[in-house]
């Protein structure tokens, strides 16, 4: 593998006293050094800023208020990066800090700048350390968790592997804490409802994301042709074992690679609303690769403008596709169920015959 994105959860960095450990980061630096010496470029997505902020301020319980968590992230990010810088320098490596919100990914120009910056840093021999900009993030611009952020970075950086260091061995068929007979699933060929059900039953992961978010990350990376491996972060030399091809943790195999523009439509934009479609429209979209016409729309939820990303769901509530709306929610509500040639009669104008064009849609 030429390039790997390593996501490090907060739980992986904690010592026995439940504090962010400089020694844990030192061990990661040792493994990263050996990986780089073997020819693998490494990008790190690291959690831990809020935990470091709590230690610095002297708070033992994470606050619920968003403003307080943002403040703690601002304080803690300084300490977190100090530990990364000091421990990586001891191994002869330099690190850089990149803080992101979802707005940086959604904006094509800023995302291209991010791609160029990552490539340049790696050519300079620098290890990028990325985190969500929690001091500024709020619901509308959050990635949700660093699992999902790491999947986005893997795609942007065209990585060969997404490696998620967790506090569990991998994905189990049920919660191993409550079911001693639970078995770990070594390889997941497709993330289906059974696999998602297994993740929902596993309450072992104590981080913000949990196992469900790791499945979401694996699905996102897999749709760009990138495999994901979830492993126990505290296992000795786990990074080196994975890069050496050892069967550790759970490997999520990728599916067919989407074109970058299609992947962008699916994941770079947050959906602003939902359009419900009938059975005929679902078949046309999923099986025949067609655009969504107003005649197939049965219901509109949310408020969105033309050019916003929307979800398309079938009658049972399952997401069928995501895409870019050609009409606003108010316009679409007026033309739902109509034939395309009746759009102008209803609105007095017509942008296009499709409410979502196939070229701006990806089947989920």
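The values are calculated or read from the model by the stated rules, or taken from the named source; none is laboratory data. Note that the structure is a prediction, hence the values are computed from the model and not measured. Glycine also receives a Cβ, built like all others from the backbone with ideal geometry; neighbour counts cover every protein chain displayed.
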Among the candidates 117, 109, single out the residue that is without any contact (Cβ under 8 Å) to a residue 24 or more places away in the chain, closer than 24 Å to residue 268 by Cα, exposed (fewer than 14 other Cβ atoms within 10 Å of the Cβ) and in contact with a strand residue (DSSP E or B) (Cβ under 8 Å, 6 or more places away or on another chain). 117
Is it the case that residue 346 is touching a residue at least 12 places away in the same chain (Cβ under 8 Å), surrounded by fewer than 16 Cβ atoms within 10 Å (Cβ to Cβ) and not in a loop (DSSP other than H, G, I, E, B)? yes
Inside the range 284-313, the number of residues satisfying the requirement of being surrounded by fewer than 19 Cβ atoms within 10 Å (Cβ to Cβ) and part of a loop (DSSP other than H, G, I, E, B) is 9
Residue in the range 200-217 that is in contact with a strand residue (DSSP E or B) (Cβ under 8 Å, 6 or more places away or on another chain), surrounded by 15 or more Cβ atoms within 10 Å (Cβ to Cβ), within 25 Å of residue 97 (Cα to Cα) and at pLDDT 90 or above present: yes
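Can residue 93 be described as closer than 18 Å to residue 8 by Cβ and without any contact (Cβ under 8 Å) to a residue 60 or more places away in the chain?
On the way: closer than 18 Å to residue 8 by Cβ: yes; without any contact (Cβ under 8 Å) to a residue 60 or more places away in the chain: no.
So residue 93 does not fit the description; no.
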Out of 325, 281, which single residue is surrounded by 21 or more Cβ atoms within 10 Å (Cβ to Cβ) and either more than 30 Å from residue 111 (Cα to Cα) or out of contact with any strand residue (DSSP E or B) (no Cβ under 9 Å at 6 or more places or on another chain) (or both)? 281
Can you pull out the residues in the range 171-199 that are in a helix (DSSP H, G or I) and either at pLDDT below 75 or farther than 23 Å from residue 7 by Cα (or both)? 193, 194, 197, 198, 199
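Here is a yes/no grid of residues against (1) within 24 Å of the chain's Cα centre (by Cα); (2) buried (at least 22 other Cβ atoms within 10 Å of the Cβ); (3) within 15 Å of residue 81 (Cα to Cα):
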{"residue": "4", "(1), (2), (3)": "yes, yes, no"}
{"residue": "26", "(1), (2), (3)": "no, no, yes"}
{"residue": "32", "(1), (2), (3)": "yes, yes, no"}
{"residue": "43", "(1), (2), (3)": "yes, yes, yes"}
{"residue": "49", "(1), (2), (3)": "yes, yes, yes"}
{"residue": "56", "(1), (2), (3)": "no, no, yes"}
{"residue": "64", "(1), (2), (3)": "yes, no, no"}
